[in-house]
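Written below as structure tokens is the structure these notes are about.
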Amino acid sequence: MHKPMSDTPKPAKSHGRKSMQASLQPRDLMAEAPLARAWRVSVVTLFPQAFPGVLGESLTGKALRDGLWQCDTLDLREFGIGKHRNVDDTPAGGGAGMVLRADVVGPALEAAQRRHPPGTPIYYLSPRGPRFTQATARAWAQDAGLILLCGRFEGVDQRVLDHFNVAEISLGDFVLTGGEIAAQAMLDATVRLLPGVLGNALSTAEESHAKGLLEHSQYTRPAEWQGRTIPDVLMSGHHGQVAKWRQEAAETLTRARRPDMWDSYQQAHATDRPKKGGA
């Protein structure tokens, strides 16, 4: 007789392994030990099933499967209070909406800290924080990892932010329903800078914001499309002229579309310009 197949699902593996299995129980993903030398992020969220999301696709997904970075989640609901696992309460002093409780978020952050070396930074995705930039992504990529706290409702009890010395960081000057989308955007910008994630390291050196400018326009085959042709200099094979065209194109685009960036770029390179009328 053939032994009947078991209906018991195989245990899921943590994001960051070379093989992954989908799971409806995100907490099962936390049982695995950290991968050696992998950049690691722990996300504290009410929606653990949202991760890795789009980060599990394309180059970031391949890097996740190859163990270049590791992503795990902590479900805030599991730290909830009482029979119904309550995570929020009404704002002190009155007002609309609800606030995530310190006695819920606090234990979740403590659990996240136990998965990281002492001193690992914690960031709260919040419109009150400074804007996330390419420089932020580079700084994050150079660290060993971080902890992200995704807010919901009216926000998080300030006491827990103060207690854990949580830094706030914003995706931009707008408000989302929660921090999950912002967290994924920031992680995408960071993970792609990790060694080995992109096939061509020069890609990150020439793209928008890498040098304080927007990236020049890009072209590829066919040489003519709808009566429009590729600029002749890009087809010339003259690398010096191509580099000059790209620099000038980047400066022109930045000056027209992002005058704030252009002003910062000019200030940063003011000392590089030759002085007039002097030796």
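Scanning the range 67-79 for residues that are closer than 20 Å to Ile181 by Cβ, assigned to a loop (DSSP other than H, G, I, E, B) and in contact (Cβ under 8 Å) with a residue 40 or more places away in the chain turns up nothing. Given the criteria loosely packed, with under 15 Cβ neighbours inside 10 Å and either under 28 Å from Val191 (Cβ atoms) or among the acidic types (Asp, Glu) (or both), does Lys62 qualify? It is true that Lys62 is loosely packed, with under 15 Cβ neighbours inside 10 Å and either under 28 Å from Val191 (Cβ atoms) or among the acidic types (Asp, Glu) (or both). Annotation: Gly61 fulfils all but one of (1) farther than 18 Å from Ala38 by Cβ; (2) at pLDDT 95 or above; (3) not charged (D, E, K, R); the unmet one is (1). Taken over the range 39-94, the criterion of being more than 19 Å from the chain's Cα centre (by Cα) and of a type in the set (Gly, Ala, Ser) is satisfied by Gly80, Gly82, Ala92, Gly93, Gly94. Applying the condition of being among the polar types (S, T, N, Q), in contact with a strand residue (DSSP E or B) (Cβ under 8 Å, 6 or more places away or on another chain) and surrounded by fewer than 16 Cβ atoms within 10 Å (Cβ to Cβ) to the range 149-193 and asking which residue is modelled with the highest pLDDT yields Asn165. Output the residues belonging to the range 124-170 that are under 21 Å from Ala96 (Cα atoms) and small (Gly, Ala, Ser). Answer for the range 124-170, where residues must be under 21 Å from Ala96 (Cα atoms) and small (Gly, Ala, Ser): Ser126, Gly151, Gly155. Among residues of the range 139-162 that are of a type in the set (A, V, I, L, M), those with a Cβ under 7 angstrom from a residue that is exposed (fewer than 14 other Cβ atoms within 10 Å of the Cβ), sequence gap 6+ or separate chain, pair up as Ala144/Pro117. Evaluated against (1) surrounded by 18 or more Cβ atoms within 10 Å (Cβ to Cβ); (2) among the aliphatic types (A, V, I, L, M); (3) more than 26 Å from Asp173 (Cβ to Cβ); (4) within 15 Å of the chain's Cα centre (by Cα), Ala144 falls short on exactly one condition, (1).
The values are calculated or read from the model by the stated rules, or taken from the named source; none is laboratory data. Remember, it's a predicted structure, so these values are computed and weren't measured experimentally. A quick note on method: Cβ atoms are made from the backbone with ideal geometry, for glycine too, and the neighbour counts reach across all protein chains shown.
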